[in-house]
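The values are calculated or read from the model by the stated rules, or taken from the named source; none is laboratory data. Since the model is a prediction, treat every value here as computed from it, not as a measurement. Cβ atoms come from the backbone with ideal geometry, glycine included; neighbour counts cover every protein chain shown. Areas reflect the complete protein model, heavy atoms only, side chains present, ligands, DNA and RNA absent. Shrake-Rupley method; radii C 1.70, N 1.55, O 1.52, S 1.80 Å.
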Amino acid sequence: MLSWMDRMEFRLLGSIDAGVGGRRLDLGPRKRRFVLAALLLDLNRPVPVERLIDAVWEGTPPASARVTVQGHVYRLRRALFGARLETTPSGYVLLADQDEVDALRFRRLVAAAQGADDAEGAELLEKALGLWRGPAFGGPGGGQALELAAIELEEARLAAVEELARRLLRLGRPERAIAPLRAAVAAEPHRERLVSLLMTAFSRAGRQAEALELYDRTRRSLADELGVDPGPELRGTFAALLSPQP
């Protein structure tokens, strides 16, 4: 029989989910999952009820918000076997090991990569990025607190993709950098550093035509959608592709 003492897995890098012993837990409706996400983002620290309300509702919350949050916490406590979710004078605290939360594990792996050499760092970054299953918290929804946290996590993900690509390029593994870069550029086509890295990866993998086509597509998209020209970094990468190699 499962209990609160079994190791759990909490997932925020995609749909908000939780499981234990290979079994997925029934967390209920999405607003209840938003409450869980807010508690996990402040793991092992008391979270005021007001912050949970800010995580659940966009705009002005209903008059019943406090009571509704209390109901969600009550049901989450039952789903999580009670002892993990405690009441504090101002709100609630969720108790767990940081490695049980994918978003916190992602940040730990990224931080560990900063002090590692390129080979080990690339491996750590690939593990970190492999934790992502989709947009943080399952995509748009929830209140401003979760919206801001999602933006921060997405920025950390893109930065990790960029750092992984730089390390793989230094290691002479451009082909391995292409897939994560291509996915990131598809999501953020105007993020010029990503485009520049993908152009370089294409070129070093012997795929010059794809690098040039990517530049042309990006240049046209920047002009049509933003009314701007490529910046210095992207133009420099393009010029380097056209220069004769020694």
Pick from region 42-54 the residues that are open to solvent by less than 60 Å² (accessible area, probe 1.4 Å) and touching a strand residue (DSSP E or B) at 6+ places or on another chain (Cβ under 9 Å): which of them is nearest to residue 84 (Cα to Cα)?
-> 43
Restricted to region 14-25, and to residues that are within 21 Å of the chain's Cα centre (by Cα) and part of a loop (DSSP other than H, G, I, E, B), which residue is surrounded by the most Cβ atoms within 10 Å (Cβ to Cβ)?
-> 16
What number of residues within region 223-235 are in contact with a helix residue (DSSP H, G or I) (Cβ under 8 Å, 6 or more places away or on another chain) and closer than 12 Å to residue 195 by Cα?
-> 4
Would you mind finding the one in 183, 165 that is open to solvent by 40 Å² or more (accessible area, probe 1.4 Å), closer than 25 Å to residue 201 by Cα and without any contact (Cβ under 8 Å) to a residue 40 or more places away in the chain?
-> 183
Which numbered condition residue 229 fails, given (1) of a type in the set (D, E, K, R); (2) in a helix (DSSP H, G or I); (3) open to solvent by 60 Å² or more (accessible area, probe 1.4 Å); (4) over 25 Å from residue 172 (Cα atoms) | (2)
Can we say residue 52 is in a helix (DSSP H, G or I) and either small (Gly, Ala, Ser) or under 17 Å from the mean Cα position of the chain (by Cα) (or both)?
-> no
For residues that are touching a residue at least 12 places away in the same chain (Cβ under 8 Å) and more than 19 Å from residue 174 (Cα to Cα), scanning just region 188-216, find the one that is most open to solvent (accessible area, probe 1.4 Å).
-> 188
What do you reckon, is residue 68 open to solvent by 20 Å² or more (accessible area, probe 1.4 Å) and outside any helix (DSSP H, G or I)?
-> no
Is it the case that some residue within region 128-139 is of a type in the set (Phe, Trp, Tyr) and modelled with pLDDT under 90?
-> no
Pick from region 92-130 the residues that are farther than 15 Å from residue 159 by Cα, without any contact (Cβ under 8 Å) to a residue 12 or more places away in the chain and assigned to a loop (DSSP other than H, G, I, E, B): which of them is most open to solvent (accessible area, probe 1.4 Å)?
-> 117
Go through (1) modelled with pLDDT of 90 or more; (2) in contact with a strand residue (DSSP E or B) (Cβ under 9 Å, 6 or more places away or on another chain); (3) farther than 15 Å from residue 146 by Cα; (4) not in a helix (DSSP H, G or I) one by one and return the number of the condition residue 28 breaks.
-> (2)
Considering each residue of region 134-162, count those that are within 14 Å of residue 16 (Cα to Cα) and loosely packed, with under 14 Cβ neighbours inside 10 Å, and give that number.
-> 3
Taking the options 89, 61, name whichever one is open to solvent by 60 Å² or more (accessible area, probe 1.4 Å) and either under 26 Å from residue 106 (Cβ atoms) or part of a loop (DSSP other than H, G, I, E, B) (or both).
-> 89
